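Notes follow once the structure below has been shown.
The values are calculated or read from the model by the stated rules, or taken from the named source; none is laboratory data. None of these values were measured; they are calculated from a predicted model. Please note: Cβ atoms are built from the backbone with ideal geometry, for glycine as well, and neighbour counts cover all protein chains shown.
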Amino acid sequence: MTTLSVFKACGGGYVGTGHVHPAVLDAARETLAQAKADGVVADGYVARCGDDVALIVLHDEPPGPSRTARLAREAFARCTAAGRRLRQHLASSNGAPVVEAAEMRLTVRPSEPVVCFLADKAAPGSWNLHLYRIFADPFNTPSLIADSPMRAGFRFTVRTGDGATEDAFDLPDDLYRLLATATGSPASVVSEVRARASGEPAAAASMGPDPALLVRCHDGLPSVGEALEAFAFPYAVAGWHGAYAGPLVPVSANDDMATRLDGPPRAIGLGFQVTEDRLIGPRDLLADHAFDEARRQAHQAADYLRRHGPFPPHRVREAGAGVPLTPPV
Ligand code: MG
């Protein structure tokens, strides 16, 4: 079996919280190249989203503590060292970088399309609504009805941010119970989705802020187009530090920098054909003009929300809220 992991951390922002200096990215690339040469990972790709660096790697260790996870910590420590040398924003004051992980253990199929979504300036749980639309809403994903294995539905795992609780929901049977849980507490994060028919992993999300998401597609799973369709509307999420709501703007990997009020929150989608030992890609999927209208709506929504300044619903009173417009309790 093969494991696809995405590790994500901030090694310092350039300039402010907007982007990543090329030297910080090079530090990650050098670590990855050495890890490939040493045989720790089969293949990998270094991505950037806003002020975060992501390490997308293919390896053979199970998810969790592993040589690969140590490699990721080492890569981000080197990113932070480069960030400190260049006085990058927060590189010196944050100590060791917090590394978030989304991982998926799979038997690679003859065709294995996977999309890796990365967000910046977005709170934990920012993918909850997208995962509901992709794996539970036939108006987003018609193959939930048309494809007989998919009619069996999907199992959602919801964890709290501190890992204290974990609940499973078999959809469509448990739909209302899932929605009550995923929207009832800002700490609830849909962390994993599996196909009920096969038990195969379908999606994995990281638990922390600026989350990463892996979505496996086709052959009993939603198509790439169905996974992307969830981003055709810029749903509001709790944004920067979980404090300010904003639309999650689907953007090209070349348009990932945060500027206006250090936002708005944004997401990129990198598509890979995965083999046992290669990540073939990425394709910059959300760059497509099909998402221009979502971007336009997002900027209008950002205008509307930003004008509220310190008042709700722009300001989310409960930091870390995954569903920002839930009234604080
Ligand atoms: Mg960030």
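Computed values, structure above
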item	result
Output for the range 259-282, where each listed residue is out of contact with any Phe, Trp or Tyr (no Cβ under 8 Å at 6 or more places or on another chain) and over 18 Å from V108 (Cβ atoms)	T259, R260, P264, R266
Exclusive hit being touching a His at 6+ places or on another chain (Cβ under 8 Å) and touching a residue at least 12 places away in the same chain (Cβ under 8 Å), set P172, P113	P113
Selected residue (criterion: nearest to A54 (Cα to Cα)) from residues of the range 260-281 that are of a type outside the set (G, A, S) and touching a Gly at 6+ places or on another chain (Cβ under 6 Å)	F272
Verdict on L221 being of a type outside the set (G, A, S), at pLDDT 95 or above and within 16 Å of the ligand (Cβ to nearest atom)	no
Filter pass, L228 being within 29 Å of D173 (Cβ to Cβ), touching an Asp or Glu at 6+ places or on another chain (Cβ under 9 Å) and in a helix (DSSP H, G or I)	yes
Strands (runs of 3 or more DSSP E) wholly inside the range 168-217 containing at least 1 residues that are away from the ligand (no atom under 16 Å from the Cβ) and closer than 18 Å to I268 by Cβ	201-205, 212-216
Unique match (being surrounded by fewer than 23 Cβ atoms within 10 Å (Cβ to Cβ) and either within 18 Å of the chain's Cα centre (by Cα) or among the basic types (K, R) (or both)) among V46, V20	V46
I268, sole failed condition from (1) within 16 Å of the ligand (Cβ to nearest atom); (2) on the phi > 0 side of the Ramachandran plot; (3) at pLDDT 95 or above	(2)
Selection from the range 106-126 of residues that are among the charged types (D, E, K, R), assigned to a loop (DSSP other than H, G, I, E, B) and under 21 Å from A230 (Cα atoms)	E112, K121
Qualifying residue in the range 145-168 (condition: closer than 24 Å to R73 by Cβ, among the acidic types (D, E) and in contact with an Asp or Glu (Cβ under 7 Å, 6 or more places away or on another chain))	no
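This table checks each residue for (1) at pLDDT below 95; (2) closer than 20 Å to R283 by Cβ.
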site	(1), (2)
T3	no, no
A27	no, no
E30	no, no
Q34	no, no
V46	no, yes
I56	no, yes
S66	yes, no
R73	no, no
